[in-house]
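One structure is given below, encoded as structure tokens.
The values are calculated or read from the model by the stated rules, or taken from the named source; none is laboratory data. In this text, all values refer to a predicted model and were calculated from it rather than measured experimentally. Here the Cβ positions follow ideal geometry from the backbone for every residue, glycine too, while neighbour counts run over all protein chains shown. These area figures cover heavy atoms from the full protein model, side chains too; ligands, DNA and RNA do not enter into them. Shrake-Rupley method; radii C 1.70, N 1.55, O 1.52, S 1.80 Å.
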Amino acid sequence: MILGAGITGVSSAWFLREAGFDVTVLDRQPEAALETSFANGGQISVSQSEPWANPGAPLKVLKWLWRDDSPLLFRPRLDPRQWAWGLQFLRECTPGRTERNIIQMVNLGLYSRDTLRYLRESTGIRYDHLARGILQVYFDQQSFDAASDASALMRQYNCHREAITSERAIELEPALAGLAGRLSGAVYAVDDESGDARLFTQGLAELAAERGVEFRFNTCIRALHAEGGKISGVRICDSEGRQEDVQGDYYLVCLGSYSPQLLAPVGVHLPIYPTKGYSATISTEDYSGAPTISITDDAVKMVYTRLGDRIRIAGTAELNGYNTDLNPVRCEALTRRYFSLFPNSADPNSVQYWTGLRPSTPSNVPIIGRSALPNLYLNTGHGTLGWTEGPGSGRAIADIIAGKQPELAFDFVGS
């Protein structure tokens, strides 16, 4: 029984079915990938496997604290979990913990990117994929110099990032030509990719269903039942309000930000808190000048990704509990910044805004493996890198449930 049909849940279902398991996936939405996997930034960005928690983070957070359009917005709440998460985040900001977390994230990211390529080649799923790398652009010399140093560090961990001049960045992406006098430089990750996570996840779900995976959509997951030191069933409710208990031999939680709420009553406590992200999707049909290489704008922590005849603008992080209301100020900050860099490159009247809850751990390292309950497994907490890490996480947890050792160096829980 897999709980959740986003990129991690569907990838897990695929590989568990491939390993010979009978698989049922439960999700409250009418189809796969309609929550956090729906409209993210579109980057498969192993090169950006740098945790938010790093030695420079506390000062940045203080600087952004009261700006409504800041990259990180903290909305203090009377929520002990929010404050506990914040304290754990500060603990992860030491140099030693930061280095350990980078290694974990890079190892998983590289494994997952290879897994995605395997799935793409073996299934033929089309998802507006581009393999042109990712450019991270900088508008001040100090930030660019720091990024150059970080790139050298990442190369030590087998993640290729190259600091390049602004002239070279414009050669790679001519859409940056209008910024020639403003750019200090860029970092280019040639092996990174981009694509639509929703299209991929829904395509994989369709193929998984053809191979025997049962998807029960429009199904709310109410509770887990524990008996005799293990999970004995799941209480679910259908779209007409009918409740029932369903059973499996193994239970895998892939519910993102909602995982802690389901697991706490059975004694499994996860350090996951939702960080709300925003995106805007704009049509580029009949327009020219939009970038085709996915771009990360370091100054404002936004990404601009071409998805077919659309541009996806995504970014910001808001610690505001489980609130999913669209904040107009933060929505408009996305499109205002994009059009200031790439004017007349997309149809401003076609904007579709979206927000989703990223399941973030204080370290940014996801929680994958077996819980303290022997038949309860976890694949959650991927934060901003669910699309980057999801396929590999699904492959790894399928190996673990099947009693195999995944082929990557990662601190799996319960191992």
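If we scan segment 149-157, do we find a residue that is hydroxyl-bearing (Ser, Thr, Tyr), at pLDDT below 90 and surrounded by 13 or more Cβ atoms within 10 Å (Cβ to Cβ)? Show your work before the answer.
Within segment 149-157, the subset hydroxyl-bearing (Ser, Thr, Tyr) is 151, 157.
Filter once more, keeping what is at pLDDT below 90: 151, 157.
Add one more test, that the residue is surrounded by 13 or more Cβ atoms within 10 Å (Cβ to Cβ), and what stays is 151, 157.
Checked segment 149-157: at least one residue is hydroxyl-bearing (Ser, Thr, Tyr), at pLDDT below 90 and surrounded by 13 or more Cβ atoms within 10 Å (Cβ to Cβ).
Please verify whether segment 355-364 includes one or more residues that are part of a helix (DSSP H, G or I) and within 20 Å of Leu34 (Cβ to Cβ). Steps first, answer last, please.
Step one: of segment 355-364, the residues part of a helix (DSSP H, G or I) are none.
No.
Counting only strands (runs of 3 or more DSSP E) wholly contained in segment 259-321, the ones carrying 1 or more residues that are touching a Lys or Arg at 6+ places or on another chain (Cβ under 6 Å) occupy 273-283, 302-307, 310-319.
Identify, please: which residue in segment 388-415 is part of a loop (DSSP other than H, G, I, E, B), touching a helix residue (DSSP H, G or I) at 6+ places or on another chain (Cβ under 9 Å) and of a type outside the set (A, V, I, L, M, F, W, C) and is, among those, modelled with the lowest pLDDT? Give the derivation first.
Just the residues of segment 388-415 that are part of a loop (DSSP other than H, G, I, E, B), to begin with: 402-412, 414-415.
Narrowing the set further to residues that are touching a helix residue (DSSP H, G or I) at 6+ places or on another chain (Cβ under 9 Å) leaves 402, 404-412, 414-415.
Checking the rest, the ones that are also of a type outside the set (A, V, I, L, M, F, W, C) come to 404-407, 411, 414-415.
Values: Lys404: 97, Gln405: 96, Pro406: 97, Glu407: 95, Asp411: 97, Gly414: 92, Ser415: 78.
Once the filter is applied, the top-ranked residue is Ser415.
Criterion applied to Val46, Val25, Val61 was being within 15 Å of Gly394 (Cα to Cα) and either buried (at least 19 other Cβ atoms within 10 Å of the Cβ) or charged (D, E, K, R) (or both), and the one residue passing it is Val25. Candidates in segment 277-323 are the residues that are among the acidic types (Asp, Glu) and within 24 Å of Ala146 (Cβ to Cβ); of these, the one that is least open to solvent (accessible area, probe 1.4 Å) is Asp297. Restricting the first member to segment 112-134 and to residues that are at positive phi, and the second to residues that are aromatic (Phe, Trp, Tyr), the beta-carbon pairs closer than 7 Å and six or more apart or on different chains are Gly133/Tyr188.
Pick out the one residue from Glu332, Glu318 that is over 30 Å from Ala163 (Cα atoms) and of a type outside the set (Val, Ile, Thr). Spell out how you get there, then give the answer.
Working: Glu318 fails: over 30 Å from Ala163 (Cα atoms).
So the residue among Glu332, Glu318 that is over 30 Å from Ala163 (Cα atoms) and of a type outside the set (Val, Ile, Thr) is Glu332.
The condition (being at pLDDT 95 or above and either part of a loop (DSSP other than H, G, I, E, B) or surrounded by fewer than 16 Cβ atoms within 10 Å (Cβ to Cβ) (or both)) is satisfied by just one residue among Tyr127, Tyr111: Tyr127.
Listed here are the strands (runs of 3 or more DSSP E) enclosed by segment 171-250 that have at least 3 residues being of a type outside the set (D, E, K, R) and either open to solvent by 50 Å² or more (accessible area, probe 1.4 Å) or at pLDDT 95 or above (or both): 185-189, 220-227, 230-237.
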